[in-house]
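Comments concern the structure below.
The values are calculated or read from the model by the stated rules, or taken from the named source; none is laboratory data. Nothing here was measured: the structure is a model prediction, and the numbers come from that model. Cβ placement follows ideal geometry from the backbone for every residue including glycine, while neighbour counts extend to all protein chains displayed.
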Amino acid sequence: MVLKPADLGTLVGSARVIVHGRVVSLRAQSSNRTRIETLVTLDATDYFKGDLGREVTFVVPGGTLGRYRTVVSGAPQLAEGDEVVLFLGTRGPALPYLIRLGEGVFRVQRDARTGQRIVSRHPVVAESSVWQRVGRGTPASPLSVNDFGAMVRRLAGAAR
């Protein structure tokens, strides 16, 4: 399967909630005995769009339950302690879910040189609706969590 990566504006427009925080727990479950999903709880540090409170629990398809494991292509592998920015959708009373699975997850890490917290995957930012050249392997300058949050908030404000 080949997917066209979503640009940051599309992710921001599709998400009901954009939250920065740390994963505090993961719990696999099977609601209908045919598939496994993982409930992930995040300790929210900051919201760039929307607000679901201090702790957010969302669902990720796939996981391990006893001797059974379900792998879903494109679903992220999260672990306790991971610092992330998540783009979440909501639908009625159901738990929030990731927008475009792994594309809705931006991992945060400390820059070894500066000690600054940076977003490890540089977002695709489209300036217009016309085709643009993509330079593979082109080094992008690291983007701090604060700069990333400001970019997301600006895009969220423009979408209103």
- Message: When you check Gly62 against the structure, is it in contact with a strand residue (DSSP E or B) (Cβ under 9 Å, 6 or more places away or on another chain), at pLDDT 95 or above and of a type in the set (Gly, Ala, Ser), yes or no?
- Response: no
- Query: Mind checking whether some residue in region 36-47 is over 23 Å from Leu8 (Cα atoms), modelled with pLDDT of 95 or more and in contact with a Ser or Thr (Cβ under 6 Å, 6 or more places away or on another chain)?
  - Reply: yes
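Going by what's in this entry, would Thr90 be described as modelled with pLDDT of 90 or more, closer than 21 Å to Leu42 by Cβ, of a type in the set (Ser, Thr, Tyr) and in contact with a Pro (Cβ under 9 Å, 6 or more places away or on another chain)? Walk me through how you get there before you give the answer.
Numbers: modelled with pLDDT of 90 or more: yes; closer than 21 Å to Leu42 by Cβ: yes; of a type in the set (Ser, Thr, Tyr): yes; in contact with a Pro (Cβ under 9 Å, 6 or more places away or on another chain): yes.
For Thr90, the condition - modelled with pLDDT of 90 or more, closer than 21 Å to Leu42 by Cβ, of a type in the set (Ser, Thr, Tyr) and in contact with a Pro (Cβ under 9 Å, 6 or more places away or on another chain) - is met.
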- May I ask you to verify whether Ser73 is under 29 Å from Ala158 (Cβ atoms), hydroxyl-bearing (Ser, Thr, Tyr) and touching a helix residue (DSSP H, G or I) at 6+ places or on another chain (Cβ under 9 Å)? no
- Task: Pull up region 3-23, narrow it to residues that are among the aliphatic types (A, V, I, L, M) and part of a helix (DSSP H, G or I), then point me to the one that is surrounded by the fewest Cβ atoms within 10 Å (Cβ to Cβ).
- Result: Leu8
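Can you give me the number of residues within region 46-95 that are in contact (Cβ under 8 Å) with a residue 60 or more places away in the chain and surrounded by fewer than 14 Cβ atoms within 10 Å (Cβ to Cβ)?
Applying the first criterion (in contact (Cβ under 8 Å) with a residue 60 or more places away in the chain) to region 46-95 yields 46, 48-49, 73-74, 82-90.
When the remaining residues are screened for being surrounded by fewer than 14 Cβ atoms within 10 Å (Cβ to Cβ), the result is 46, 73-74.
Adding up the residues that qualify gives 3.
Has region 29-37 got at least one residue that is in contact (Cβ under 8 Å) with a residue 12 or more places away in the chain, touching a strand residue (DSSP E or B) at 6+ places or on another chain (Cβ under 8 Å) and outside any loop (DSSP other than H, G, I, E, B)? Walk me through it before giving the result.
So the first thing to find is which residues in region 29-37 are in contact (Cβ under 8 Å) with a residue 12 or more places away in the chain, and the list is 29-30, 35-37.
The next check asks that each one be touching a strand residue (DSSP E or B) at 6+ places or on another chain (Cβ under 8 Å); those that pass are 29-30, 35-37.
After this cut, where a residue has to be outside any loop (DSSP other than H, G, I, E, B) as well, the list is 29, 37.
Yes, region 29-37 contains a residue that is in contact (Cβ under 8 Å) with a residue 12 or more places away in the chain, touching a strand residue (DSSP E or B) at 6+ places or on another chain (Cβ under 8 Å) and outside any loop (DSSP other than H, G, I, E, B).
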